[in-house]
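The values are calculated or read from the model by the stated rules, or taken from the named source; none is laboratory data. Everything quoted here is computed from the prediction, not taken from an experiment. Cβ: placed from backbone, ideal geometry, glycine included. Neighbour counts: every protein chain shown.
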Amino acid sequence: MNESQYLKQGFGLRFLWLDFVNSFEKNGLGGSADHLRNPQWVRTFLRHWKVPLPPTAVPLPAMERLRKLLRSGAENLSSPSPLTKAELQLLNDFLSVFARPQMFQRQNGLVLQDVPRAEDWHWVQARIALSFAETLTMEPRDRVKICPDPLCRWIFYDTTKGKTRVWCNERTCGNRNRVRRARAANKNA
């Protein structure tokens, strides 16, 4: 999978954690795909977000646990506390990776960057968890939405001025649900 295919599928638009949570993708027709099991998708995902690809295989149980935690947190964003005490501890566990700040000279000047002790899957998980934590603490929670189509449930960030976006994609989920409502109305008429 290349970068343009990745973007065409709806990934890479706002936050690292959104792409990660949506890596278990329902197609709106009853099928699904777990992109974490696709090495090409994982490589493109990490390259897009500028996270180094560890040399070992994806630790699926740990990655699935993190994905489940972040989905649960996203589903509860409208509540005063989107994470339970146990979930908050688990998120903090994922964040607990040793890194030190380092200065680097880049083409456009100096850059301060955290450098991990090891660029392994723990570091990848920490970067994903940090993206979620930053969204919880620095972004308006009511802009994080979940597609209401039960066969989709894609999580997205609503950038509309009035926060009026309903569907993850108006042309697919929005249109598909309008057609379903119209057909149901025709059956009842």
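Data overview
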read-out: Within region 8-108, strands (runs of 3 or more DSSP E) holding 3 or more residues that are under 23 Å from TRP154 (Cα atoms); value: 24-26, 32-34
read-out: Region 100-123 - residue that is touching a strand residue (DSSP E or B) at 6+ places or on another chain (Cβ under 7 Å) and polar (S, T, N, Q) and, of those, nearest to VAL42 (Cα to Cα); value: GLN113
read-out: Boolean, GLU64 is out of contact with any strand residue (DSSP E or B) (no Cβ under 8 Å at 6 or more places or on another chain) and of a type in the set (Asp, Glu); value: yes
read-out: Members of region 125-155 found to be in contact with a helix residue (DSSP H, G or I) (Cβ under 7 Å, 6 or more places away or on another chain) and either over 24 Å from ALA62 (Cβ atoms) or hydrophobic (A, V, I, L, M, F, W, C) (or both), listed by number; value: ALA126, ILE128, ALA129, LEU130, PHE132, ALA133, VAL144, ILE146, CYS147, ASP149, CYS152, ILE155
read-out: Residue satisfying condition, being in contact (Cβ under 8 Å) with a residue 24 or more places away in the chain, assigned to a loop (DSSP other than H, G, I, E, B) and either within 30 Å of GLY31 (Cβ to Cβ) or not small (Gly, Ala, Ser) (or both), within set CYS173, CYS152; value: CYS152
read-out: Test for ASN22: is it touching a helix residue (DSSP H, G or I) at 6+ places or on another chain (Cβ under 9 Å), polar (S, T, N, Q) and crowded, with 17+ Cβ neighbours inside 10 Å; value: yes
read-out: Region 37-57 residues that are under 20 Å from ALA129 (Cβ atoms) and among the polar types (S, T, N, Q), paired with ones that are surrounded by 12 or more Cβ atoms within 10 Å (Cβ to Cβ) and at pLDDT 95 or above (beta carbon under 8 Å, 6 or more apart); value: THR56/ASP120; THR56/TRP121
